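Colleague: Structure in structure tokens, see below.
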Amino acid sequence: MTTRSFDDLVAEAESVSVAGWDFSWLDGRATEQRPSWGYQRSLGARLAGATAALDIQTGGGEVLAGAGPLPPVMAATESWPPNVAKATALLHPLGAVVVADPDEPPLPFADGAFDLVTSRHPATVWWSEIARVLRPGGTYFAQHVGPASVFELVEYFLGPQPGEVRRKRHPDDESRDAEAAGLEIAELHSESLRMEFFDIGAVIYFLRKVIWMVPGFTVDGHRDRLRELDAKIRAEGPFVAHSTRFLIEARKPA
């Protein structure tokens, strides 16, 4: 348990950069169980067999860069300007082109441009666009955030959420939408994963970085609840939540 003051932890977590998709600042301050399927390793195997691939919403490019050698044609899209710059610096030397894209249709590529489309934790999924840019016989391979992910933390700040909000991003619904776009589901796995936050600074950093969890989150706007949560962690131990993830592979008929 930390002996640092609430104000000290808050000041530190407010000042640190949240650019990119690297969570190493949380080492020793929060933990998250990893899915059993090993997305990055599986991604590397699929990239090795591809000739032209697209990584959608690549973030800072860290996951793609760590997946191994890239195919001869490799593109990535990202919407947030700090991440576009970071991904470009990281991926360009590896042979990938990073395209600034608003995460709204259409994707800035021609029909049938890729034999592999990938994404890790996309905020939005435009199935018709994924199907359009895939070649016949091509594959979409991704790890998505599932329904009610980390909702113990979300509902701590926002209160109980209605059923339709808790169901958003359900793998059954995503599969149905993929099939409606003309894709065939080849693989689908879902897991619930334990998370622990060991101090209030970790909570603040997480909510600043994963901005859709508590929309509009600011320390000043939630200081009372943050102070209560700080006291709870000090008295009872880590705050426990559960993330949900699902692995999906969908193919475009040849």
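Colleague: Taking segment 153-170 on its own, how many of its residues are open to solvent by less than 50 Å² (accessible area, probe 1.4 Å) and in contact with a Pro (Cβ under 8 Å, 6 or more places away or on another chain)?
Modeller: 1
Colleague: I'm checking my understanding of the structure. Among residues of segment 87-115 that are of a type in the set (A, V, I, L, M, F, W, C) and either in contact with a Phe, Trp or Tyr (Cβ under 7 Å, 6 or more places away or on another chain) or assigned to a helix (DSSP H, G or I) (or both), which one is surrounded by the most Cβ atoms within 10 Å (Cβ to Cβ)?
Modeller: ALA87
Rundown of residues vs (1) out of contact with any strand residue (DSSP E or B) (no Cβ under 8 Å at 6 or more places or on another chain); (2) at pLDDT below 95; (3) in a helix (DSSP H, G or I); (4) of a type in the set (Phe, Trp, Tyr), yes/no style:
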position	(1), (2), (3), (4)
THR2	yes, yes, no, no
ASP7	yes, no, yes, no
GLU14	yes, no, yes, no
TRP37	no, no, no, yes
GLN57	no, no, no, no
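Colleague: Is there any pair linking a residue in segment 57-81 that is among the charged types (D, E, K, R) to one that is open to solvent by less than 10 Å² (accessible area, probe 1.4 Å), with Cβ under 6 Å and at least six apart or on different chains, and which?
Modeller: GLU78/ALA87
Colleague: Something else: Consider only pairs whose beta carbons are under 8 Å apart and that are at least six residues apart or on different chains; among these, list those whose first residue lies in segment 98-114 and is within 17 Å of TRP127 (Cβ to Cβ) and among the small types (Gly, Ala, Ser) and whose second residue is open to solvent by 70 Å² or more (accessible area, probe 1.4 Å) and at pLDDT 95 or above.
Modeller: Matching pairs, first to second residue: GLY112/ARG135; GLY112/PRO136; ALA113/ARG135.
Colleague: May I pose another question? Using beta carbons and a limit of 7 Å, which pairs, at least six apart or on different chains, have the first residue in segment 1-14 and open to solvent by 60 Å² or more (accessible area, probe 1.4 Å) and the second one part of a helix (DSSP H, G or I) and not basic (Lys, Arg)?
Modeller: GLU14/ILE204
Colleague: From VAL145, VAL150, VAL133, which residue is under 17 Å from the mean Cα position of the chain (by Cα), in contact (Cβ under 8 Å) with a residue 12 or more places away in the chain and open to solvent by less than 10 Å² (accessible area, probe 1.4 Å)?
Modeller: From the options VAL145, VAL150, VAL133, the qualifying one is VAL150.
Colleague: Which ones in segment 23-50 are farther than 30 Å from ALA113 by Cβ, surrounded by 12 or more Cβ atoms within 10 Å (Cβ to Cβ) and not charged (D, E, K, R)?
Modeller: Of everything in segment 23-50, those that are farther than 30 Å from ALA113 by Cβ, surrounded by 12 or more Cβ atoms within 10 Å (Cβ to Cβ) and not charged (D, E, K, R) turn out to be PHE23, TRP25, LEU26, ALA30, THR31, GLN33.
Colleague: Among the residues of segment 206-221, what is the count of those that are in a helix (DSSP H, G or I) and surrounded by fewer than 22 Cβ atoms within 10 Å (Cβ to Cβ)?
Modeller: Looking only at that region, the number is 4.
Colleague: Evaluate segment 184-198: report whether one residue or more is assigned to a loop (DSSP other than H, G, I, E, B), buried (at least 17 other Cβ atoms within 10 Å of the Cβ) and at pLDDT below 95.
Modeller: No.
For (1) over 16 Å from the mean Cα position of the chain (by Cα); (2) at pLDDT 95 or above; (3) at positive phi, each residue gets a yes or a no:
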{"site": "ILE200", "(1), (2), (3)": "yes, yes, no"}
{"site": "ILE204", "(1), (2), (3)": "yes, yes, no"}
{"site": "LEU207", "(1), (2), (3)": "no, yes, no"}
{"site": "TRP212", "(1), (2), (3)": "no, no, no"}
{"site": "HIS222", "(1), (2), (3)": "yes, yes, no"}
{"site": "LEU226", "(1), (2), (3)": "yes, yes, no"}
{"site": "ALA231", "(1), (2), (3)": "yes, yes, no"}
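Colleague: What pairs can you find where one residue is in segment 20-47 and over 17 Å from SER243 (Cβ atoms), the other is among the basic types (Lys, Arg), and their Cβ atoms are less than 6 Å apart, with a gap of 6+ or different chains?
Modeller: GLY20/LYS86
Colleague: In addition: Taking segment 222-254 only, how many residues are part of a helix (DSSP H, G or I), small (Gly, Ala, Ser) and open to solvent by 60 Å² or more (accessible area, probe 1.4 Å)?
Modeller: Result for segment 222-254: 1.
Colleague: Among the residues of segment 116-128, count how many are under 19 Å from the mean Cα position of the chain (by Cα) and either among the polar types (S, T, N, Q) or not in a strand (DSSP E or B) (or both).
Modeller: Number satisfying all stated conditions: 9.
The values are calculated or read from the model by the stated rules, or taken from the named source; none is laboratory data. Everything numeric in this text was worked out from a predicted model, so none of it was measured. Note that each Cβ is placed from the backbone with ideal geometry, even for glycine, and that neighbours are counted across all protein chains shown. The accessibility values were calculated without ligands, DNA or RNA, using every heavy atom of the protein model including side chains. Shrake-Rupley method; radii C 1.70, N 1.55, O 1.52, S 1.80 Å.
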